[in-house]
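Input: a single structure, listed below in structure tokens.
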Amino acid sequence: MASTLALAACDRNAAAQSAPRVAPPLKSLAAFPVGTCAMTGQFDDPQWLELATRHFSQLTPEWEMKMEYILLADGRRRWDAPDRIAAFARGHGLRLHATTLIWYAQDHPWFKSLTGERFGREYDRWIADAAGRYAGQAAGWDVVNEPVAEDGDGLRDCLYSRALGQDGYMIRAFEQARAADPQAVLFLNDYNLENNPRKGATFLRLVERLLKAGAPVGGIGTQSHLDIEIPAGQTAAFIREAAQFGLPIHVSELDASLRRDGAFDPRTPKQKRDQQTARVAELTEAFMALPPAQRYAFTVWGVRDTDSWLRRGDKDDGKDSPLLFDASGAPTPMFDAVAGAFSR
Ligand code: XIL
């Protein structure tokens with residue numbers, strides 16, 4: 001008898017170890033939208049589809065709603081892919097977060113070919129067309145992306161700032177977006193705000209200046225491409241400071257690379273994982289500590305590790321695990337860090 005019991009217990013343990021762990025739907029643990037990003041090519045991937053619709057309640061187009069896709073070199077527009085993403089979101093009951101209207105990194109050939117008043121007219125028409133097309137569906141828009149200089153010292157000089165003035169190009173973009181879509185929450189979005197406190201401070205001063213100038217900035221987007229080496233406490237400190245405006249906050253593109261480029265890294269994989277999950281838990285807890293009305297959404301930049309933009313290109317060593325699901329679709333320790341903080 002005793003041995004039968006022992007055998008049964010043994011069987012149960014074996015089953016627990018070999019059965020794939022079924023993670024609770026992340027969205028069911030949160031009172032705010034939990035987002036990920038999507039490319040139309042992923043809609044035909046059954047595993048992506050299952051994970052995206054089971055765990056997430058908001059969708060950001062990864063790149064096909066950006067100027068780089070929609071605007072052609074001769075100024076014509078191409079709406080097929082962004083429309084498919086919007087339709088997918090509608091069809092699966094996901095809220096749509098739209099990105100991005102003006103981004104220094106996309107100094108588009110069409111805008112490069114324009115001068116004088118024509119530049120301003122086309123700038124307005126681009127924003128009116130893109131923001132107008134998804135008005136009524138997009139809960140929010142990243143209106144200006146990454147305006148702060150890399151080192152955090154001042155703002156980026158770009159095609160749009162040169163033509164329309166520093167601050168001026170942003171104020172104009174927010175005003176045009178507001179006119180095209182009166183309902184959407186309009187975001188200023190940037191990265192390294194937690195990683196680099198100087199950049200975080202410059203960003204928040206910019207938000208203050210734009211608001212003073214009357215620009216309809218309605219939300220703060222922090223991409224949160226987290227550097228797992230940042231000192232404990234720094235991430236939470238930024239989220240607290242950002243909250244002082246009373247505006248909704250969007251963790252808009254969370255990922256946390258385990259890779260350290262260049263320098264020799266003596267740590268074990270377990271040590272790196274622990275550091276990653278501690279920083280991600282800190283960010284998630286800081287987001288959870290916001291007043292409910294300020295929790296716009298919590299978005300991760302991809303579903304599986306293999307979907308991550310960090311796993312594309314020549315620097316990829318095939319091992320990084322910056323997201324919530326691994327290549328087989330199983331939850332990563334980072335999933336547990338987020339789910340744990342959502343549940344506390
Ligand atoms: C990246 C996407 O992941 C790529 O697929 C696309 O080609 C370029 O943009 N900061 C941002 C995001 O604001 O829009 C970027 O996404 C990642 C860095």
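Descriptive notes on the structure:
- Theoretical FRET efficiency, 1/(1+(r/R0)^6), r = Cβ-Cβ of S328 and A179, R0 45 Å, to 0.05: 0.45
- Whole-percent carbon and sulfur share, accessible surface of the chain, 1.4 Å: 54 percent
- Extending 7 Å from the Cα toward the beta-carbon at both R54 and D129 defines two label points whose distance is 4.0 nm.
- Divided by 2.2 N^0.38 Å, where N counts the residues, the Cα radius of gyration of region 46-91 comes to 1.36.
- Pair-distance distribution of the chain: all C-alpha pairs, bin width 20 Å, starting at 0; shares per bin in whole percent are 30, 56, 12, 2, 0.
- Springs between Cα atoms under 10 Å define the GNM used for the chain, and in it the highest mean-square fluctuation of L71, L49, L101 occurs at L49.
- Average accessible area per residue (Å²) across the chain - probe 1.4 Å, nucleic acids and ligands excluded: 43 Å²
- Extended-chain gain in nm, criterion 0.36 nm per residue less alpha-carbon gap, W110 and Q47: 18.9 nm
- Restricting attention to the chain, close to 10% of DSSP beta bridges with both partner residues there are antiparallel.
- Dipole of the chain [Lys/Arg +1, Asp/Glu -1 at C-beta], most positive-end residue of V144, L323, A341: A341
- Spin-label zone in region 145-178 - amide nitrogen under 13 Å from a point set 7 Å from the Cα of R198 along the C-beta vector: 149-155
- Considering only alpha-carbon pairs that sit under 8 angstrom and 6 or more positions apart, the relative contact order computed for the chain is 15 percent.
- Convex hull volume of region 114-194 per residue (C-alpha atoms, cubic angstrom): 86 Å³
- Label zone (L155, point 7 Å along Cα-to-C-beta; backbone nitrogen cut-off 14 Å) within region 200-235: 202-217.
- Pairwise label distance in nanometres, D317 with S28, each label 7 Å out on the Cα-Cβ vector: 3.8 nm
- For the chain, built as a Gaussian network whose Cα springs stay under 10 Å, the top-fluctuating residue of D80, D320, D181: D80
- Per principal axis, descending, Cα span of region 252-301 in whole Å: 44, 17, 13
- Cα-centre dipole for region 137-199 with unit charges at Cβ (Lys and Arg positive, Asp and Glu negative), debye to 20: 180 debye
- Values of log10 I(q)/I(0), in the order q = 0.21, 0.24, 0.30 Å⁻¹, for region 179-241 under a Debye, Cα-only, solvent-free model: -0.84, -1.00, -1.32
- Note on A263 and L211: the extension gain reaches 14.5 nm, defined as 0.36 nm multiplied by sequence separation minus the Cα-Cα distance.
- Rg/Rh (Cα only; Kirkwood hydrodynamic radius) as it applies to region 90-226: 0.96
- For peptides 156-167, 124-135, sequence by mean Cβ density within 10 Å, most packed first: 124-135, 156-167
- Highest mobility in the GNM of the chain, judged by mean-square fluctuation with C-alpha springs under 10 Å and restricted to A173, A31, A98, is found for A31.
- Ordering of 147-154, 302-309 by packing [mean C-beta count within 10 Å, highest first]: 302-309, 147-154
- Over the C-alpha trace of region 199-306, radius of gyration and Dmax come out as 15.5, 51 angstrom.
The values are calculated or read from the model by the stated rules, or taken from the named source; none is laboratory data. Source: prediction; values computed, not measured. Because the Cβ atoms are built from the backbone with ideal geometry, glycine has one as well, and the counts that use them run over all protein chains shown. Each accessible area value is taken on the protein alone, full model and side chains, heavy atoms only, with ligands, DNA and RNA left out. Shrake-Rupley method; radii C 1.70, N 1.55, O 1.52, S 1.80 Å.
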